Amino acid sequence: MISENFEQFLKTLEDCFPVEKIRRNFPLRKLTTYGVGGPAVFFLKVNSFTELEILLPVLRKYSVPLLVIGNGSNLLISDEGFKGFVIQLSGSFEEVAIENTTVRAGGAAKLPVVARKTANSGLSGFEWAVGVPGTVGGAVRMNAGGHGSDLAASLTEVKVADLSTEGADLFKLVPASDLGLSYRHSLIKDTDIVLEATLHLDIGEKEKSEDLLHEIVRWRRENQPGGQNSGSVFTNPEGDSAGRLIEIAGLKGFTVGSASVSKKHANFIQVEEGGKAQDVREVMKKVIERVEEVHSVTLVPETVFVGFERDSL
Ligand SMILES: Cc1cc2nc3c(=O)[nH]c(=O)nc-3n(C[C@H](O)[C@H](O)[C@H](O)COP(=O)(O)OP(=O)(O)OC[C@H]3O[C@@H](n4cnc5c(N)ncnc54)[C@H](O)[C@@H]3O)c2cc1C
């Protein structure tokens with residue numbers, strides 16, 4: 001059952017976009033690396049700034065629940081789905097422009113693409129991102145990182161569409177220092193859409209950077225599982241590793257229905273094709289419980305939960 005507000009919202013959208021562009025009941029599992037989760041009431045791919053400029057005032061006016069999805073590589077969407085409107089940036093938002101040591105990457109640019117392009121241009125400092133299957137927008141929100149670095153190390157500014165305050169400017173340029181970037185955390189809100197990030201990188205040596213990319217890809221293949229997962233499930237507690245704690249607690253291979261703690265890396269949960277988000281939640285709950293019993297440490301999920309009654313476990 002969709003509310004009157006939603007019906008009005010849809011009517012207005014249908015006046016602005018071709019009807020076939022607005023997908024109803026769209027299966028979100030197709031947009032996540034876990035491959036689980038129910039539908040969104042509406043889904044729209046935004047390919048250009050022109051489309052965005054049409055969409056944003058409508059979104060502000062109706063303030064329907066919104067989810068901006070990147071590559072869905074850090075999301076667990078409930079089996080019931082998301083009772084709101086989902087957008088994904090695409091097309092011109094995937095562009096990456098390099099000028100001297102400044103890189104402008106669209107919100108939908110894929111991190112491995114940015115890592116390879118910058119390395120190929122003789123810039124260093126973004127190699128860490130080659131194995132992170134997210135977008136720039138998702139990486140800003142999560143302050144993604146790895147191999148001793150993170151986005152905060154090179155981010156200087158982001159362009160954001162702010163849907164929260166009617167009357168205020170829709171577009172903001174936010175300096176990285178105002179984003180509260182810390183370990184897998186930023187101040188980006190559900191009502192912010194990251195449209196572009198500006199990075200400052202160092203002049204490096206193309207060959208050295210490409211060797212590093214190669215080494216990172218090799219390391220990931222050797223140490224991380226493939227299949228349907230969303231990378232590290234829990235953040236690392238200060239001075240320790242979540243994977244180590246889970247492994248010592250004897251949980252490698254622990255399974256609920258379609259979801260298991262990976263036997264290769266204990267901080268990954270793998271899901272079978274056609275699996276259930278609820279199984280992943282149950283595995284997470286059990287892991288937290290058992291790690292608390294064994295180590296007296298409470299693990300904190302890195303995964304973003306969508307469409308569940310509570311955002312926490
Ligand atoms: C195999 C694997 C390995 C991984 N390794 C790492 C790793 O080494 N380090 C690491 O940090 N992470 C890792 N991850 C997790 C994930 O890739 C990162 O968190 C990534 O930054 C998420 O980007 P995304 O585009 O997929 O975001 P999504 O998962 O789609 O979304 C994550 C959050 O960002 C928000 N969001 C997405 N796009 C935008 C936007 N344009 N504007 C505003 N908000 C937005 C979403 O609403 C959501 O809140 C891994 C995941 C996998 C599957």
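Quick note: the coordinates plus some simple rules give every number you see, no bench work behind them. Predicted, not measured: the structure shown is a model, and the values here were computed from it. Every residue, glycine as well, gets a Cβ built from its backbone with ideal geometry; the counts of neighbours run over all protein chains shown.
For this structure, a couple of remarks:
- Positive minus negative residues near SER164 (Lys, Arg vs Asp, Glu; Cβ under 11 Å): -1
- Charge dipole (the stretch 76-234, unit charges on Cβ, about Cα centre) - positive-most of GLY226, LEU76, ALA97: GLY226
- Here the sum of -39500 (n - 2.57) over DSSP H runs of 4 or more residues, divided by the residues of the chain, equals -9000 deg cm²/dmol at 222 nm, to the nearest 500.
- Normalised by the number of residues in the stretch 4-89, the mean separation of alpha-carbon contacts (under 8 Å, six or more apart) gives a relative contact order of 37 percent.
- Charge tally in the Cβ shell below 13 Å around PHE6, where Lys, Arg are +1 and Asp, Glu are -1, PHE6 excluded: +1
- What you get for the chain, charging only the Cβ of Lys and Arg (+1) and of Asp and Glu (-1), is a dipole of about 680 debye around the Cα centre.
- Net length available on complete extension from THR191 to ARG24 is 58.0 nm, with 0.36 nm assigned per residue and the Cα-Cα distance removed.
- Diffusion constant of the stretch 4-89 at 25 °C, which comes from Stokes-Einstein with the Kirkwood Cα-pair radius and 0.890 mPa s, µm²/s: 187
- Sorted by Cβ density within 10 Å, fewest first, the residues VAL291, VAL280, VAL158: VAL291, VAL158, VAL280
- Taking other residues whose beta carbon is less than 11 angstrom from the beta carbon of GLY226, and scoring Lys, Arg as +1 and Asp, Glu as -1, yields +3.
- Counted by neighbouring Cβ atoms within 10 Å, the residues ILE54, ILE288, ILE193 run from fewest to most as ILE54, ILE288, ILE193.
- For the chain, relative contact order (Cα pairs under 8 Å, six or more residues apart, normalised by length) works out to 17 percent.
- Percentage, to the nearest whole number, of Cα pairs in the stretch 188-265 over 19 Å apart: 62
- Taking amide H positions as modeled 1.01 Å from N, with prolines and chain starts lacking one, the residues under 5 Å from GLU196 and 5 or more places away or on another chain are GLY107, LYS159.
- For the stretch 59-74 and the stretch 85-140, distance of Cα centres in Å: 20
- Divide the volume of the convex hull around the Cα atoms of the stretch 130-233 by the residue count and you get 115 Å³ per residue.
- Pairs of Cα atoms farther than 15 Å apart, the stretch 225-306, %: 50
- Per residue, the convex hull spanned by the alpha carbons of the chain comes to 134 Å³.
- You can think of it this way: the chain between ALA97 and SER182 has 28.0 nm of extra reach, that is 0.36 nm per residue less the Cα-Cα gap.
- Euclidean distance of C-alpha centroids, the stretch 5-32 and the stretch 234-293, integer Å: 35
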